[in-house]
Structure formats: structure tokens, C-alpha cells
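First up is the structure itself, then whatever we jot down about it.
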Amino acid sequence: MTPEEVGQRVVALLAPVEATASVSGGQSHARATIDVPLASWTDALRAARDDAELACDFFDWLSAVDELADGFDVVVHLWSTTHRHGVLLRTRVPRESPTVASVVDLWPGAAWHERETHEMFGIDFAGHPGLAPLLLPPEFEGHPLRKEFVLASRVAKPWPGAKEPGESEAGGGRRPIRPPGVPAPGEWGTTPTPAGAAGVGEGPRGGTPARPVRERPARPAPGARTQGAGATGDGPAAAGEPPTGDRPAPRDEEGTA
């Protein structure tokens with residue numbers, strides 16, 4: 001059965017109760033969605049299970065949606081293991097007194113889901129054998145999945161998804177960091193970033209400016225070492241030592257010059 005046919009079948013089974021059928025999103029995963037009155041909640045789930053054409057014999061999950069001033073939508077998903085189709089049944093409970101009938105007698109597996117929904121949304125399930133805390137400690141106050149519930153961590157620090165990584169309240173961002181050993185885009189290829197451009201990540205190609213080539217002076221010949229030492233700036237004169245020509249001549253082994 002198509003989602004449209006499943007929805008029409010549930011509406012026909014609940015007549016004369018006014019139920020509204022629609023189709024959820026999800027393309028190939030679309031499901032028939034039937035909104036039923038609060039008083040017909042149990043009857044709708046029983047009809048979807050016991051009808052031969054629907055045969056939704058598998059309980060999948062149950063949860064709720066906070067619709068603020070409109071109340072809470074309690075939603076259950078059932079699946080047919082023989083016909084391979086599913087159905088979403090939905091009813092709305094008022095915010096002032098959020099109470100709906102429990103379906104544990106129809107689906108024993110719903111006990112866990114109803115306990116969680118009671119704990120997170122504050123919805124009571126009449127007839128449930130025991131709505132004891134499931135995920136939160138007994139001293140916890142409030143219902144975390146209600147939209148008016150303020151999370152303490154959001155008060156202490158801003159929501160991390162509100163800004164891009166590296167941004168702060170003062171604006172701006174951090175400079176991207178490359179892994180060690182990975183060159184910048186301007187450090188390879190035939191056209192490096194021109195010398196004199198800005199720093200890393202700010203050149204025309206976004207890389208480190210190319211260094212100018214340093215010309216090394218030619219090595220002087222052994223006989224011309226004394227003449228070129230002071231001129232090149234690499235010899236003893238550059239370090240404050242006297243020129244080679246002013247040094248006393250070395251003595252031989254007998255002590256004569």
C-alpha cells in the first residue's frame with residue numbers, strides 16, 4: 001500500500017471519528033501521517049495493528065514534539081512486517097494538562113518510550129505501570145526537551161554552532177594554520193608569490209613571499225686572500241681584527257722570522 005492508501009484506510013477504520021491523513025516528507029521514506037483526536041488515541045493504534053490490510057504489528061518508537069502554546073504532539077510510528085509499510089499516528093495534548101492514555105497494554109515495548117517522553121516533556125501517560133525516572137537523576141528539576149527549558153551550558157558559554165570556528169564576539173577570525181611540513185600555495189610551482197608581498201597567507205597567491213636569491217662572493221685565490229679580505233666584508237677586518245698584512249710574520253722552529 002502507498003502512504004496515501006494507508007492514510008485513507010486508517011481514516012475509514014476510525015469513522016465517524018474525524019481523523020486527518022497526510023503524507024510526511026522523505027521521498028522514498030515518506031509515511032502516512034494521521035492526526036487523531038486525543039480521545040481516539042488508543043483506538044487508532046489498535047485499528048492499525050488489528051486490521052488485516054494494515055497489519056502494523058511492529059512498534060517502532062514513540063516521542064513528542066513541543067508546539068509551544070498549541071501544546072504537545074505525541075507521535076508513534078508503527079510498521080508492518082508483512083506488507084512492508086509504516087504509519088505515523090499523532091495526537092495533541094494541551095500544555096496545561098498534558099495527559100494521554102498509555103498504550104503499554106497494546107505494545108509492551110512502549111513502556112520505555114513513554115517513560116522517556118514523560119521525563120523529557122512532562123507528559124503523563126494514564127495507565128502506565130510506572131513512570132519512574134529513566135535518564136535523569138531523581139533530583140533533576142524540569143523537562144529538558146521543552147522549548148522553554150534553559151540549558152545551563154548555554155548560559156555559561158555561547159552556542160558553538162552560532163559562529164564559524166575561530167570567530168569571537170569582537171569579530172574577525174583566526175588565520176588558517178597549515179600542518180607541519182605542508183608548503184603554502186605560493187611556495188611551489190613556476191610562479192611563486194612576489195617578494196615584498198605581505199606575510200603568510202596574504203600574498204597574491206596566498207603564500208609566503210619568495211626570498212630574494214643571495215649572491216655569495218667568489219672564493220678568492222690563495223695568493224689574493226690578504227688583498228680581498230677587507231673588501232669583501234667576510235674576512236678578519238669585518239670582525240675587528242687587524243688586516244693580514246699588518247700581522248707579524250710567523251716564526252720558524254728556530255725562532256727566526
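The values are calculated or read from the model by the stated rules, or taken from the named source; none is laboratory data. Keep in mind the model is a prediction, meaning the values are calculated, not measured. So basically every Cβ, Gly included, is an ideal-geometry build from the backbone, and we count neighbours across all protein chains shown. With ligands, DNA and RNA removed, areas are computed over all heavy atoms of the protein, side chains included. Shrake-Rupley method; radii C 1.70, N 1.55, O 1.52, S 1.80 Å.
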### Identity of the residue in segment 122-136, part of a loop (DSSP other than H, G, I, E, B) and open to solvent by less than 60 Å² (accessible area, probe 1.4 Å), that ends up farthest from P108 (Cα to Cα)
L136
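The rows are residues; the columns are (1) of a type outside the set (S, T, Y); (2) within 27 Å of L134 (Cβ to Cβ); (3) within 31 Å of the chain's Cα centre (by Cα); (4) not in a strand (DSSP E or B).
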| residue | (1), (2), (3), (4) |
| --- | --- |
| E18 | yes, no, no, yes |
| T33 | no, yes, yes, no |
| L45 | yes, yes, no, yes |
| A52 | yes, no, no, yes |
| C56 | yes, yes, no, yes |
| L62 | yes, yes, yes, no |
| T82 | no, no, no, yes |
| L106 | yes, yes, no, yes |
### Complete set of residues in segment 84-96 that are more than 31 Å from the chain's Cα centre (by Cα) and assigned to a strand (DSSP E or B)
T91, R92, V93
### Scope segment 32-46; condition over 16 Å from A110 (Cβ atoms) and surrounded by fewer than 20 Cβ atoms within 10 Å (Cβ to Cβ); matching residues
D35, P37, L38, A39, S40
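Mind listing whichever residues of segment 6-42 are acidic (D, E) and modelled with pLDDT of 95 or more? Quick ask: steps written out before the conclusion?
Residues of segment 6-42 that are acidic (D, E), as a first pass: 18, 35.
Selection gives D35 alone.
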### Query
Among (1) touching a Cys at 6+ places or on another chain (Cβ under 6 Å); (2) not in a strand (DSSP E or B), which single condition is L78 missing?
(2)
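Under the condition of being more than 20 Å from S22 (Cβ to Cβ) and touching a residue at least 60 places away in the same chain (Cβ under 8 Å), which residue from segment 84-104 is most open to solvent (accessible area, probe 1.4 Å)?
As a first pass, look at segment 84-104 and keep what is more than 20 Å from S22 (Cβ to Cβ): 84, 94-104.
Cutting the leftovers down to touching a residue at least 60 places away in the same chain (Cβ under 8 Å) gives us 100-101, 103.
Details: V100: 4, A101: 41, V103: 0 Å².
Only one residue fits best here, namely A101.
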### Task
Using the structure shown, decide if S28 is buried (at least 19 other Cβ atoms within 10 Å of the Cβ), among the hydroxyl-bearing types (S, T, Y) and over 29 Å from K147 (Cβ atoms).
no
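Anything in segment 64-74 that is in contact with a Lys or Arg (Cβ under 9 Å, 6 or more places away or on another chain) and part of a strand (DSSP E or B)? List them, or say none.
Of the residues in segment 64-74, the ones in contact with a Lys or Arg (Cβ under 9 Å, 6 or more places away or on another chain) are 65-74.
Scanning segment 64-74 gives V65, D66, F72, D73, V74.
Mind counting the residues in segment 1-21 that are among the small types (G, A, S) and surrounded by 15 or more Cβ atoms within 10 Å (Cβ to Cβ)?
As a first pass, look at segment 1-21 and keep what is among the small types (G, A, S): 7, 12, 15, 19, 21.
If we keep only those that are surrounded by 15 or more Cβ atoms within 10 Å (Cβ to Cβ) as well, we get 7, 19, 21.
Number of matching residues: 3.
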### Message
Checking the structure you have, find out if any residue of segment 60-71 is touching a helix residue (DSSP H, G or I) at 6+ places or on another chain (Cβ under 9 Å) and open to solvent by 80 Å² or more (accessible area, probe 1.4 Å).
### Response
yes
